[in-house]
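Just below is one structure, and these are the notes that go with it.
The values are calculated or read from the model by the stated rules, or taken from the named source; none is laboratory data. Just so you know, these numbers come straight off a predicted model, no measurement behind them. Here the Cβ positions follow ideal geometry from the backbone for every residue, glycine too, while neighbour counts run over all protein chains shown. Only protein heavy atoms, including side chains, enter the accessible area calculation; ligands, DNA and RNA are left aside. Shrake-Rupley method; radii C 1.70, N 1.55, O 1.52, S 1.80 Å.
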Amino acid sequence: MSNKRPFVNLGGLVAQSSKEAKRTAASAPSGGGGGASSSASTNNLFLSRPVPKPEEAVGMFLIQSRAAALRKSANGSGGNVPPIEIEARLGTLVSPHLGPRDARALSSGAKVVQVQGKERVVHAFVCNVSDGINRQNGRMPATTFEGGVTRSNYLRWTQAGLSEASAVSAAYSCRGPRDANESEGAALKSQLEEREAVTTVYAFPDGTRSEFPHEGGGGRLGRGRSERKEKLSVIDLALPAAPYDLRLTCASEQRLDDPGKGSINPANVAPNWDKERIKRRRSYTRRDNSFAWRMDVTEVTTTDNPGPNGSLKGASHPKVGYEIEMELSSSMTKKLISTRDDAEARKLAGQLGAQLWFMVQQLNPTHDVLEVEEFLREHPDGEATKMALGQCQTIRKFVDSKCQSWQTAIAPGGGRSPDNHEWSRPPRNFVGCMPVNFSRHNIEVTT
């Protein structure tokens, strides 16, 4: 690959993709079965930037982050590259433009969109791109990234730790036991390293934060550090075919306390902090360093500052959240930024992007099952549709009568039942069809 190849930033890619892959109501498949829901889906502007190969988008983000870091060092760091953090977080992209309440930017389910003139199933869409200079968002509506996963998913994916195979071990492509004498836990511990830490972080309104490690079992805070992070590059990927979306961030870290004089005392924390976050974190890495990404799974307890004597209005009770992040190792980050040859940097970024996307797929897998609106069509038999709706109504009446009487809308021999039919005992067999997403657990039965 020639190093004379022109640099292509992610903003240019999504701008070109926006022109090539627009899917509107005018170009949507006809059929009428989708109703208002389908029309809203096809008019969603977030569908205009599909990413057929998400791993390539991640690689391009890494190249963009490299350029932002070099620009940062040239402008304000005396030619030295400041400490850089590159991470990926699972969460949900929501937008206030999709209804009265903030809703997920794209409804759940894989999407069929046109890419270079052909319809393809796409799992990822670019929602926001920022390179630290300007926001390359075009006419796209704004989105908000809500980081974190549900407690049930957090426990299901991470609770096993290194005791048994889980999404964590799958993300690092861990092997199973070599033979009957090696337990599953022993096999995992020989490949992965697990570290646990508890810290308290105080966030301040000016964007600075102070972090202190917990020492001993009593929650006593040790000496910590104060820093400020500046975002250099951000990309939000909507993953409608997966449980969660993905945010990629590149940020510089500026140490505010004097490392030469030692760390700061927790007793000296300024009282005007905004939020207190207690982080109980487990971190995982490959012992052989074959994966460049460290995975952090964290339970976070957040408390707002109650103000002097608890007088601040709006202060809330502690809230518990669960976060899953992947961070590029500091050594690999330095290697990516310091690589002088652009072709070599693109090759390394491609490898790191493929590695990260593999990890994300094990934790947050995508599925090719399309959303239900893609399959809804008008039933060709209008009379059968009316009988089905009538039978649904009789089910409702059956529930309202506390399951004491039954009146069918369908005659025993087929066809519509006469209007003056008699009430009878409910049948033993299935009583008819049910609406979409309606099942027995939706029917309250009183005993």
Here the stretch 330-342 yields Karplus 3J(HN,Hα) values (6.51, -1.76, 1.60; θ = phi - 60°; whole Hz; Gly and Pro given as x) of 4, 5, 6, 4, 5, 5, 5, 6, 7, 4, 7, 7, 5
What figure, in Å² to the nearest 10, do you get for the accessible area of D179 with a 1.4 Å probe and non-protein molecules left out?
80 Å²
Accessible area per residue, 1.4 Å probe, Å², for the stretch 204-250: what's the number?
40 Å²
Students often check this: by mean Cβ neighbours within 10 Å, which of 187-196, 61-70 ranks highest, and how do the rest follow?
61-70, 187-196
Taking a label point 7 Å from the Cα of K231 along Cα-to-Cβ, the residues of the stretch 204-219 whose backbone nitrogen sits under 15 Å from it are 207-208
Using 19 Å as the Cα-Cα cut-off, could you pick out the over-long pairs in K53/K111; K111/K347; K72/K347; K231/K279?
K111/K347; K72/K347; K231/K279
Sorted by average packing, counted as other Cβ atoms within 10 angstrom per residue and highest first, what order do 319-328, 249-258 take?
319-328, 249-258
For D304 and E56, FRET efficiency with R0 = 30 Å and r from the beta-carbon atoms, rounded to 0.05?
0.15
Length released on extending from H367 to A384, taking residue separation times 0.36 nm less the Cα-Cα span:
2.8 nm
Please report the carbon-and-sulfur percent of the accessible area for the stretch 145-259; probe 1.4 Å, protein heavy atoms only, DNA, RNA and ligands left out.
45 percent
In the stretch 208-243, which residues have a backbone nitrogen under 19 Å from the label point lying 7 Å from N272's Cα in the Cα-to-Cβ direction?
208-211, 226-229
If we sort 353-365, 394-406 on the protection proxy, mean other Cβ atoms within 10 Å, highest first, what's the order?
353-365, 394-406
Using 0.36 nm times the number of residues separating R281 and E253, minus their current alpha carbon distance, what extension gain do you get?
8.1 nm
Straight-line reach check, K397, cutoff 16 Å on alpha carbons, 8 or more apart in-chain or any other chain, hits among aspartates and glutamates -> D419, E422, E444
